[in-house]
Amino acid sequence: MTLKFDRIFWLKAGMHLACALPLLYLYLRVQSGAAGGDPVQYLIHFLGMGILHTLAVTLSLSPLARRLRMGWLIRTRRLMGLWTFTYAALHLAAFVVFDLLGDWRLLLSEVIERPYITVGMLAFVILLLLAITSPMWAQRKLGRRWQALHRGVYLVALLGPIHFWWSVKSGDLEPALYLSGFVALLLCRPWLRRGLVKGWRRLRLRATATPWVDQGDPK
Amino acid sequence: TPLPYSGSHRFGIEDPLTPEQKVISHNNFYEFGTAKTDPQQHAQELSTEPWHIEISGEVARPGRYSVAQLLAQFPLEERIYRMRCVEAWSMVIPWLGFPLSQLLETAQPSSRASHVAFETLYDPKQMRGQRARGIGGGIDFPYVEGLTLAEAMHPLTLLSLGLYGKTLPPQNGAPIRLVVPWKYGFKSIKSIVRIRVTAEQPPTTWNQLAAHEYGFYANVNPAVDHPRWSQASERRIGEGGLLSAKRIATEPFNGYGEFVEDLYRDLDLARHF
């Protein structure tokens, strides 16, 4: 295999760099004390925002590719998705290691009892499944089911901001902005829009049909 | 600047101190932003001179005191207290201050007095969080807090003007703040400009934002979880790096039960959290 230095190569290289550099920045900030006297929350929050931002890019790729008629953009989607997973894994690791200080029993009870942890954990498990099944051989082996499984990312796009919303002390507008942004990104998908419209029509039909059914046959 | 004081009291809490550097660089002070590092970064320009604190309401002798007047009238002592945040982290901090009861006694609460209300400075020019809801965490400023009169008169309740032997840094609530060690940190209101003695329970900021999550009392209580996270344990911020922190069991009333539990004899603490 020869390495081709084409536009995809450079785009991919740029994406890797853009995703890796914030981690270096984070490391330096924590090391130098610029992340505050107790950087645990800073670390977890920074990595959490990394998940949301990489996920936003991942989900923008296919609408962008269509709008700009640049189909090759899709070929960077797996890379971005894997960076989302990387940030999610680091976010979870930072929570377990630095906040819970490795107390696995506490982690278990938090996952069960705290809705925002439950939601976050569910999103992580989905991302984990997507990461494991990201190689080409898995795609070939799973066939049609691969597509269905990987639509799980849309669920992550909703669970992530909800997890963020429920985790803040209160009254924060930022999570709401992220949630609406992700909903907008989901609505960029024609098949999802069509599905929603179809579902809505069916609901309305049923609602308008019900009184007639209730009254019975007019004859 | 150094602040003179005499005597140091621990009230049976022998925990090692949280290093000064951490106490002044990890703060919740939404007037300057919601991140823990925002207050240190954005509060340094806060002008604390001149500063007056007004005491009014159900008192025989209302008044207006400058910080210098307070320092002249009420001798400072050191109080080493645990600070337990509702977010489940904690510190041990050597405050300098005087009991709030001394100021209240000077003002002479009337027979109708039942509560004490506190208010933080409202100055959007100086406090960026008050200029934009997005920065200030959606809080309706000014920040307000309150105590029952009995809590306010309790000898542990401190008006603090310093920590680690020096005047308070802006991010810790300069020039004067409340410290109520048996309650979650948000009760210990910072940069106070007004104290009002009232005949009814005053509104409090976090309670107004989410009443089912933050009660008026907000006593530290491992048995009553926050609806979204556990309060059974806390991460103690002490010496050393990231991995040297410890997760310790949270104590009822933050370990000050022997001094304060009498205040709540007739109160269902699960309902009045």
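Considering only residues that are away from chain A (no Cβ under 14 Å) and either crowded, with 17+ Cβ neighbours inside 10 Å or within 14 Å of B:ILE13 (Cα to Cα) (or both), which ones fall in region B:237-262?
Hits for region B:237-262 are B:GLU251, B:PRO252, B:PHE253, B:ASN254, B:GLY255, B:TYR256, B:GLY257, B:GLU258, B:PHE259, B:VAL260.
Within region B:53-63, is there a residue that is within 20 Å of B:TRP95 (Cβ to Cβ) and away from chain A (no Cβ under 14 Å)?
Yes, some residue in region B:53-63 is within 20 Å of B:TRP95 (Cβ to Cβ) and away from chain A (no Cβ under 14 Å).
In region A:87-102, how many are farther than 17 Å from A:SER167 by Cα and within 11 Å of chain B (Cβ to nearest Cβ)?
So the count comes out to 3.
Kindly indicate which of A:PHE95, A:PHE9 is buried (at least 19 other Cβ atoms within 10 Å of the Cβ) and assigned to a helix (DSSP H, G or I).
Of A:PHE95, A:PHE9, the one residue that is buried (at least 19 other Cβ atoms within 10 Å of the Cβ) and assigned to a helix (DSSP H, G or I) is A:PHE95.
Which number in (1) open to solvent by 30 Å² or more (accessible area, probe 1.4 Å); (2) away from chain B (no Cβ under 13 Å); (3) not polar (S, T, N, Q) marks the one condition that A:HIS163 misses?
For A:HIS163, the exception is condition (2).
Please go through region A:22-52 and pick out each residue that is small (Gly, Ala, Ser) and surrounded by fewer than 19 Cβ atoms within 10 Å (Cβ to Cβ).
Result: A:SER32, A:GLY33, A:ALA34.
Here's a check for you: in region A:112-153, which residue that is within 16 Å of A:ARG77 (Cα to Cα) and outside any helix (DSSP H, G or I) is most open to solvent (accessible area, probe 1.4 Å)?
Checking each candidate, the answer is A:ARG151.
Considering each residue of region B:1-27, count those that are under 18 Å from B:ALA174 (Cβ atoms), within 19 Å of the chain's Cα centre (by Cα), more than 8 Å from chain A (Cβ to nearest Cβ) and open to solvent by 20 Å² or more (accessible area, probe 1.4 Å), and give that number.
1
Within region A:58-79, count every residue that is open to solvent by 30 Å² or more (accessible area, probe 1.4 Å) and either not in a helix (DSSP H, G or I) or not aromatic (Phe, Trp, Tyr) (or both).
Looking only at that region, the number is 12.
Yes or no, residue by residue, for (1) under 16 Å from B:PRO142 (Cβ atoms); (2) among the basic types (Lys, Arg):
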| site | (1), (2) |
| --- | --- |
| B:PRO169 | no, no |
| B:ARG177 | yes, yes |
| B:SER188 | yes, no |
| B:ALA199 | no, no |
| B:PRO202 | yes, no |
| B:GLN208 | yes, no |
| B:ASN221 | no, no |
| B:ASP225 | no, no |
| B:ARG228 | no, yes |
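Considering A:LEU55, A:LEU82, which residue is of a type outside the set (Lys, Arg), open to solvent by 40 Å² or more (accessible area, probe 1.4 Å) and away from every other protein chain (no Cβ under 14 Å)?
None of the other options fit; the residue is A:LEU82.
Looking at region A:162-199, which of its residues are among the polar types (S, T, N, Q) and within 16 Å of A:TYR116 (Cα to Cα)?
Matches in region A:162-199: A:SER167, A:SER170.
So, in region A:12-21, how many residues would count as being open to solvent by 50 Å² or more (accessible area, probe 1.4 Å) and not small (Gly, Ala, Ser)?
The total comes to 4.
How many residues does region B:50-84 hold that are open to solvent by 10 Å² or more (accessible area, probe 1.4 Å) and under 13 Å from the mean Cα position of the chain (by Cα)?
Adding up the residues that qualify gives 2.
Every residue, every condition in (1) over 19 Å from B:HIS272 (Cβ atoms); (2) within 14 Å of another protein chain (Cβ to nearest Cβ); (3) within 19 Å of the chain's Cα centre (by Cα), yes or no:
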site	(1), (2), (3)
B:PHE186	no, yes, yes
B:ILE189	yes, no, yes
B:ARG194	yes, no, yes
B:GLN201	no, no, yes
B:TRP206	no, yes, yes
B:GLU213	no, yes, yes
B:ALA232	yes, yes, no
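State whether one or more residues within region B:211-219 are open to solvent by 20 Å² or more (accessible area, probe 1.4 Å), outside any loop (DSSP other than H, G, I, E, B) and out of contact with any strand residue (DSSP E or B) (no Cβ under 8 Å at 6 or more places or on another chain).
no
The values are calculated or read from the model by the stated rules, or taken from the named source; none is laboratory data. In this text the structure is predicted, and so the values were computed from the model without any measurement. Every residue, glycine as well, gets a Cβ built from its backbone with ideal geometry; the counts of neighbours run over all protein chains shown. Just the protein is used for accessible areas: all its heavy atoms, side chains included, with ligands, DNA and RNA removed. Shrake-Rupley method; radii C 1.70, N 1.55, O 1.52, S 1.80 Å.
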